Amino acid sequence: MNRFVHSSRPTYAERIGRWFDSLPLRIKLIILIGSLFIVLTMVSTLIILQQGNRIINERLAETCTISLQHVSQTIKNDLLLYYGAGNDPNTASLHLGHIREAIMSVSNQRIAGLVYAGVIDRSGAIIAHTRPEMLNRRISPADSALFSTLSQTLVRPRGGTLEYVHPLYTRRDDQGERMVFLGDTVLGFSGAVIRQPLRQTRTLIITTTILMAVIAILFLSYIARRMTLQIDSLSRGVQKLADGDLHTEISIVAHDELGRLAREFNAMIVHLREKLQMQKFVSKLTVQMIRRQAGVETDQPPLGETRQVTVLFSDIRSFSAMTEKLGAAEVVKLLNIYLDLQARLIEKNNGIVDKFIGDQVMALFVDDRQVERAVQAAIDIQRSVRDLNEQRHRRGELGLQVGCGLHIGYVILGHMGSQTRSDYTVIGDVVNLAARLCSVAKPGQIIAPVELLPRLQGKFRTHRLLPVYVKGRRQPVEVLQVDYDTAVVRPLRN
C-alpha cells in the first residue's frame, strides 16, 4: 500500500512541468527563446575563447621566440670567440663583456613582460644575467643535462614566469656535418603580463556576451509582451463574456492573425448583444424553438403541434382613462413598471410570457403542475400589485389595477406569420376563452371556468360566480373566482 501511495506522487520532473504549464505565455516565450539564445551564445563564446586563446598564445610564443632568437644571434659570435680565447684572459674577458652588454641591452629594451635574461655556457655556469646575483652560479645537473640536448626552443613554467631556453650551436666544419653545442640563451617572461591580453580578451568577450544576453532578454521581453498583449486582451474579454458582460470590447493592438481574431471577437459580441436585445421582443417559446432548430438545415420549423397548456391573461383596468392625464413618456414608464412586475412573477412560477398585447400579458404554463403554477402566478400578481399600489399611493402616485383570466386545454402550437415576420405561439378556443374571461374580470379578480376546479385539488379557496356571456359563445360559461385573500396559499416549490 505504501509503495502504491509513494508511486502515485508526482515526480520532480512532473512538478516542474506543471509549474511551467501554469506560467503565462509571455514568460514561457521569454524562458524558451532566452534559454536558446543563452545556450547558443555560450557555445559561441566558448568557441571564440578557445580560438582566441590559441591565436594569442601563438602570437605570444612567436613574439617571445623572436626576441630570444634575436638575442641568441647577437651573442652567438661573442660566445664562440669567448670559447676560442683559450688561456688569454683579456680576450675572454672582452668577449664576455660583450655578451653581458648584449644581455643588459635586452633588459633596457623594456620588452613587455620580460623579467630576466641570461646566458648559460655549456658547462652549466651562468656567465651573463640581468640580475647580478645570478652571475657565475651553476644550474642544476638535471637542467644542464636537459639544456645540452635541446634541439629547439624549450618553454617551461617556473613559478609565475614562463622560461624560454634556446640552445646555441655552431658548425664544426664548412659542410655542417657536425654541430657543436655552445650554451643556452634564457629569457624569463612574467606569466601574468604575458597572459594579460588573453585575460583582457576573455573579459571583453564575457562582458560583451553578458551585455548581449541582457539586451536580448529585454528585447525578448518586449517582443513577447507585444506578442501576448493581444492574447491577454482576448483572454480578459473571454472571461468577461463568460461572466455575462456583453459590453466588453477588446482593444486591437496587433494587425496580424491575433488582431483579426480580436476584431472577429468584437463583432461576435456585437451580434450577441443584438440577439439578446432581439430576444426581448420575441416570446420565450420562439427562442426555445430557434434553439431547437439551431444547426438543422431547414427553411421552416415544424408547422404545428397539439399540446395541453394553461393560459393566463392579465389585463390592466381603466388604463386608457388614466393615460389621458399623463404624457407619453410617463405612460410608457408606468406601464412598464406593472408589466415587468407581472412578467417576473410569471417566470418565477415557471410560466412563459408569450406576448404583451398593449397593457395585457399573455402567459403559458406547460409543465406537469401547470394549473397550480398558473393560479399561484395570478395570486402573486394580484397581491404584488396591491402592495405596489399602496406604496405608490403613499407617495402620491397613480396606481393601476389588473384582472386575470385562466383556462386549460389543448391548443395548437406552431410557427405562425408571414415569410418575413413570424412568431411561435399558440392558438385555439382555450386561448380565446381565457382572454374573454380576463376581459370580464373586475380589478383584483381572478376567474376561470368551473372545469378547472377538480385540477386545483382543494389547494385554493374558490367560489362560483354567476355564468357569464362571452363573445364567440352562444351559451353562458360557468366560472369560478379564486379567493386569494381568504385562502391560505403556500407558494409552490419549483
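What the table shows:
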| quantity | calculated |
| --- | --- |
| K471 paired with I427, simple spin-label distance in nm, labels 7 Å along Cα-to-beta-carbon | 1.7 |
| Segment H393-Y12, extension gain: residue separation times 0.36 nm, minus the distance between their alpha carbons | 129.9 nm |
| Listed residues A363, S418, P449: farthest to the positive end of the dipole of the chain (Cβ charges) | P449 |
| 30 Å Cα-Cα threshold exceeded, pairs from K325/K348; K325/K459; K240/K348; K355/K471; K348/K471 | K325/K348; K325/K459; K348/K471 |
| Cβ-Cβ FRET estimate between A112 and I210, R0 fixed at 41 Å, reported to 0.05 | 0.90 |
| N53 versus A329: modelled label distance in nm, points set 7 Å from Cα along the beta carbon direction | 8.7 |
| Where labels lie 7 Å past Cα in the beta-carbon direction, separation of T91 and S190 in nm | 4.3 |
| Dipole moment magnitude, nearest 20 debye, the stretch 198-277 about Cα centre, only Lys, Arg, Asp, Glu C-beta charged | 460 |
| Relative contact order for the chain, counting Cα pairs under 8 Å that sit 6 or more residues apart, in percent | 10 |
| Considering only the chain, percent of DSSP beta bridges that pair antiparallel, nearest 5 | 95 |
| Helix axis angle, 196-242 relative to the chain longest principal axis, alpha carbon, degrees | 10 |
| Where the Cα pairs of the chain fall when distances are cut into 10 Å bins, in % | 3, 12, 13, 10, 7, 7, 7, 6, 5, 4, 5, 6, 7, 5, 3, 1, 0 |
| Relative pair counts by distance (%), Cα atoms of the stretch 310-396, 10 Å bins | 17, 47, 27, 8, 1 |
| Residue-count net charge about E163 - beta-carbon cut-off 12 Å; Lys, Arg +1, Asp, Glu -1 | 0 |
| The stretch 303-482 - percent relative contact order, Cα under 8 Å, separation 6 or more | 25 |
| Scattering profile of the stretch 91-151 at q = 0.16, 0.25 Å⁻¹ [log10 I(q)/I(0), Debye over alpha-carbon scatterers] | -0.56, -1.06 |
| Cα centroid separation, the stretch 399-476 to the stretch 256-277 (Å) | 44 |
| Dipole in debye (nearest 20) - the chain, about Cα centre, beta carbon charges: Lys, Arg +1; Asp, Glu -1 | 1300 |
| Taking N as its residue count, the alpha carbon Rg of the stretch 333-471 over 2.2 N^0.38 Å | 1.10 |
| The stretch 25-194, dipole about Cα centre (Lys/Arg Cβ +1, Asp/Glu Cβ -1), debye to the nearest 20 | 820 |
| Expected-Rg normalisation [2.2 N^0.38 Å, Cα atoms] applied to the stretch 25-194 | 1.49 |
| Given charges at Cβ of Lys, Arg, Asp, Glu: the chain dipole, positive-most of Q342, M227, I103 | Q342 |
| Cα-based helix-to-principal-axis angle, 257-279 vs the chain, degrees rounded to 10 | 10 |
| Nearest 10 degrees, 0 to 90: helix 429-440 Cα axis against the chain principal axis | 70 |
| Inverse of mean 1/r across different Cα pairs in the stretch 198-277, Kirkwood, Å | 15.4 |
| Estimated FRET transfer efficiency (T203, A242; beta-carbon r; R0 41 Å; 0.05) | 0.15 |
| Sequence ranges 395-408, 103-116, 367-380, ranked by mean other-Cβ count within 10 angstrom, highest first | 367-380, 395-408, 103-116 |
| Theoretical gain in end-to-end length, D256 to E451 [0.36 nm per residue, Cα-Cα removed] | 63.4 nm |
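Read the figures in this text as sums done on the coordinates, not as results from a lab. All of these numbers come straight from a predicted model, not from anything done at the bench. Glycine also receives a Cβ, built like all others from the backbone with ideal geometry; neighbour counts cover every protein chain displayed.
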